[in-house]
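Written below as structure tokens is the structure these notes are about.
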Amino acid sequence: MKQWKKYILSTTFGLLLIAQIILAFVFGKVNELKSDVMMWAGWIIWILSVILGWLPILILKRQGGVKKGESYVHTTKIVDSGLYSILRHPQYTAGILFSLALILISQNEYVTIMGIIAISLMYIDILKADKHEIEKFGDEYKEYMKRVPRINFILGIIRLLIRKRKK
């Protein structure tokens, strides 16, 4: 596979996200028909997306067996504790939530259309990431997949509580 093909989905997602940001703040809440509740829900979701976006950098650097000087994405072992006991892909989830936050904050049809496309691309990229991790870690990752959901953090919390209760 050509190198650029590996990054086409994430690059397209990034461009759509930038367009969403620009449009959200250009065409944001401009009329009274838009809901303040939805806007504030968007800001709360945005804060959650920031946390889910940055926390994995620290976690994977510390627990992922990353060699000194390497990027946090170059893990040598599966991290399945803390945040990674709830979600397999917190940073992808952060991207999806950020796009959703912009939809709710702006309540603009163009931002919504771009967001739906961006979220769809991100989900396809998540599926590709799972395939990559299976190739990298094999059966150990397949077992991890059975325990921890891709992006559904509510299900992840429930599963974690059930696992803790069983112990």
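Residues being within 19 Å of I157 (Cα to Cα) and either surrounded by fewer than 20 Cβ atoms within 10 Å (Cβ to Cβ) or of a type in the set (D, E) (or both): count how many of those fall in the range 51-77. Even if it seems obvious, please write down each step before you answer.
From the range 51-77, those within 19 Å of I157 (Cα to Cα) are 51-53, 55-56, 59; that's our starting set.
Then keep just the ones that are either surrounded by fewer than 20 Cβ atoms within 10 Å (Cβ to Cβ) or of a type in the set (D, E) (or both); that gives 51, 53, 55, 59.
The number of residues fulfilling the criteria is 4.
The set of residues from the range 97-152 being of a type in the set (V, I, T), touching a Lys or Arg at 6+ places or on another chain (Cβ under 9 Å) and either assigned to a loop (DSSP other than H, G, I, E, B) or in contact (Cβ under 8 Å) with a residue 12 or more places away in the chain (or both) comprises I105, I126, V148, I151.
Inside the range 10-31, can you point out the residues that are part of a loop (DSSP other than H, G, I, E, B) and modelled with pLDDT of 90 or more? Hits for the range 10-31: nothing passes.
The set of residues in the range 153-167 that are surrounded by 13 or more Cβ atoms within 10 Å (Cβ to Cβ) and in contact (Cβ under 8 Å) with a residue 12 or more places away in the chain comprises F153, G156, I157, R159, L160.
Counting residues in the range 82-102 that are among the charged types (D, E, K, R) and surrounded by 15 or more Cβ atoms within 10 Å (Cβ to Cβ) gives one or more. On the basis of being modelled with pLDDT of 90 or more and not in a helix (DSSP H, G or I), does R62 make the cut? Judged against the criteria, R62 is not a match. Scanning the range 73-93 for residues being outside any helix (DSSP H, G or I), within 17 Å of the chain's Cα centre (by Cα) and closer than 18 Å to E143 by Cβ gives a total of 6. When you look at E70, is it acidic (D, E) and outside any loop (DSSP other than H, G, I, E, B), yes or no? No; evaluated as a whole, the condition is false for this residue.
The values are calculated or read from the model by the stated rules, or taken from the named source; none is laboratory data. Values in this document were obtained by computation on a predicted structure and should not be read as measured data. Don't worry about glycine lacking a Cβ; one is built from the backbone with ideal geometry, like all the others, and counts go over all protein chains shown.
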